[in-house]
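The block underneath contains the structure these notes are about, expressed in structure tokens.
The values are calculated or read from the model by the stated rules, or taken from the named source; none is laboratory data. Here the structure is a predicted model, which is why all the values come from computation and not from measurement. Cβ placement follows ideal geometry from the backbone for every residue including glycine, while neighbour counts extend to all protein chains displayed. For the accessible areas, the whole protein counts, side chains as well, though only heavy atoms, and no ligand, DNA or RNA atoms are used. Shrake-Rupley method; radii C 1.70, N 1.55, O 1.52, S 1.80 Å.
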Amino acid sequence: MYASREDIGYDFGDDSKVGSKPIKPNPNIDGGWAWMIVLSSFFVHILIMGSQMALGILNMEWLEEFNQSRGLTAWVSSLSMGITLIVGPFIGLFISTCGCRTTAILGGILNALGWILSASASNVHYLFLTFGVTAGIGSGMVYLPAVVMVGQYFQKRRALAQGLSTTGTGFGAFLMTALLKYLCTEFGWRNAMFIQGAISLNLCVCGALMRPLSPKDLREKYVVRSDGDENRAKALSHSTETIKSNGVLGEEPEKKQEAATEEVLGSVQHTEIGGKSGSGRSMYGLRLFKTVSQLTITVRKGFALWYSSYFGAASLFTNRVFVAFIIWALFAYSSFVIPFIHLPEIVKQYNLSRQDNVFPLTSIIAIVHIFGKVILGIISDLPCISTWNVFLIANFTLVTCILTLPLMQTYVGLAVVCALIGFSSGYFSLMPVVTEDLVGTKHLANAYGIIICANGISALFGPPFAGWIYDITQKYDFSFYIAGLLYMVGIVFLLIQPCIQKEQPREKSTEEAQV
């Protein structure tokens, strides 16, 4: 069980979680259809994140085909990875307006189209548009709904559910690496991308499985205990108090406006029933007006929630711990992505291709990554364990491995470090849990959209930066050293901000005692 609001000293003003007890739970919460959501999210991670982790195979094919520098060619993979995550905040708007199911189905079609169009690429710049941008946006439209839906369907076993669903990344990296190697060898990289595009259409099936919960189920997921309000209020910082007083997102005016609109729609429906003797053209006009009005209400409500989360009184950016989380995300993800993109080239330089062909190092990361996500998820769900502490320990382990990797020049040494990278990077399954505990279920889609956007920026610039450093020094060593040091800076921000948040209430109480 994760006690971040007490441990970190922060309350976002979303009383739906803290000090609450579940009543009359929907049978699909923590069971039933919830496990179908986990299965859907699992296949999404296989087809999207797994495929992206296997792009090192295609990167070598593109280097030979187009004869461009490593830095420029790496932009194709990093654009796809980066845009998948960078579009998170905008996908949050789609989710607020259209729902997770519709967003995911449209994203599946767009992702498949990007793969298929890339099969006819004539140069690297063509791949920037088709694979980097088109497939990247499509991937983002499926990935965020897959994560959000798991968070909505689970209450008690969120870390385990997220861990199981995100193991698809490890399975996908292992399976897609072998699949793309086979397809490129047998049919060439162009036909391989065309076939992969056809496979990606299965994302639409995954999206169709994302059955939305009713608003009533979401409201009843948690019920607030009124006796905990006074104790929680004492622990709030000044910024949090502002959020709590002003962060109702304008619910009362919105309810009044919604009631007025429903009254208009009701009168339209009454006219529609009572005016059956009227002309068919006027009846069609009334139905069209009703449909447009309902669509307008949905879009305005979705946009209002999205806008208030970023720019309103309840802006997520007023949460200092969450801002530190964003800064960490800006540096962290590139340290995980760089090995996947450049390890095949490093293995070739060290003359370890024979051993790597038997058991690729990227496959070692992928397989151990699966166990890391599940084990870390199980540990985090234990009552005596803080998810925040597990998250930090895993980060320290990963950054140590990144700094150590350039020192290893034998296959066994690289395999050991890659195994540790795979296990410690299992903390990715904890990111949605940490985010939800920081901001609440209501703001999860928008908050996690910001986090993966920061991850996307990291993934966008990480691999090209590593390739650029190699073009200058003819070594990958400095690429890993610099990436590791930047990663350490992000971890320091995670350590500092919670301490500051804890000290603020103490200082305030001391001042009040003196008065």
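Take the residues in the range 483-512 that are open to solvent by less than 60 Å² (accessible area, probe 1.4 Å) and hydrophobic (A, V, I, L, M, F, W, C); name whichever of them is modelled with the highest pLDDT.
Ile491
Could you check the range 453-472 and list, in sequence order, the residues that are farther than 12 Å from Gly71 by Cβ and β-branched (Val, Ile, Thr)?
Within the range 453-472, just Ile457 meets the criteria.
Residues to consider are Cys453, Cys418; find the one that is open to solvent by 20 Å² or more (accessible area, probe 1.4 Å) and in a helix (DSSP H, G or I).
Every option except Cys453 fails the conditions.
Just for helices (runs of 4 or more DSSP H) wholly inside the range 87-191: which have at least 3 residues that are over 17 Å from the mean Cα position of the chain (by Cα)?
100-118, 124-127, 158-187
Just give me the residues in the range 383-415 being over 15 Å from Ile346 (Cα atoms), hydrophobic (A, V, I, L, M, F, W, C) and open to solvent by less than 40 Å² (accessible area, probe 1.4 Å), in sequence order.
If the condition is that a residue be over 15 Å from Ile346 (Cα atoms), hydrophobic (A, V, I, L, M, F, W, C) and open to solvent by less than 40 Å² (accessible area, probe 1.4 Å), then Trp388, Val390, Phe391, Leu392, Ala394, Leu398, Val399, Cys401 are the ones that fit.
So that you can scan it fast, the table gives a plain yes or no per residue for (1) over 30 Å from Thr296 (Cβ atoms); (2) open to solvent by less than 10 Å² (accessible area, probe 1.4 Å); (3) of a type outside the set (Val, Ile, Thr):
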| position | (1), (2), (3) |
| --- | --- |
| Asn123 | yes, no, yes |
| Gly138 | no, yes, yes |
| Val142 | no, yes, no |
| Gln152 | no, no, yes |
| Ser165 | yes, yes, yes |
| Leu175 | yes, no, yes |
| Ala178 | yes, no, yes |
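Yes/no matrix, rows are residues, columns are (1) within 30 Å of Thr387 (Cα to Cα); (2) of a type in the set (Ser, Thr, Tyr); (3) over 23 Å from the mean Cα position of the chain (by Cα):
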{"residue": "Ser334", "(1), (2), (3)": "yes, yes, no"}
{"residue": "Pro344", "(1), (2), (3)": "no, no, yes"}
{"residue": "Asp356", "(1), (2), (3)": "no, no, yes"}
{"residue": "Ser363", "(1), (2), (3)": "yes, yes, no"}
{"residue": "Phe371", "(1), (2), (3)": "yes, no, no"}
{"residue": "Ile375", "(1), (2), (3)": "yes, no, no"}
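Quick check, is Thr185 modelled with pLDDT under 85, out of contact with any Cys (no Cβ under 9 Å at 6 or more places or on another chain) and within 26 Å of Ala54 (Cα to Cα)?
So Thr185 does not fit the description; no.
Being modelled with pLDDT of 85 or more, open to solvent by less than 60 Å² (accessible area, probe 1.4 Å), under 27 Å from Phe428 (Cα atoms) and β-branched (Val, Ile, Thr) narrows it down to one residue among Ile109, Ile91, Ile29, Ile37; which is it?
The unique qualifying residue is Ile37.
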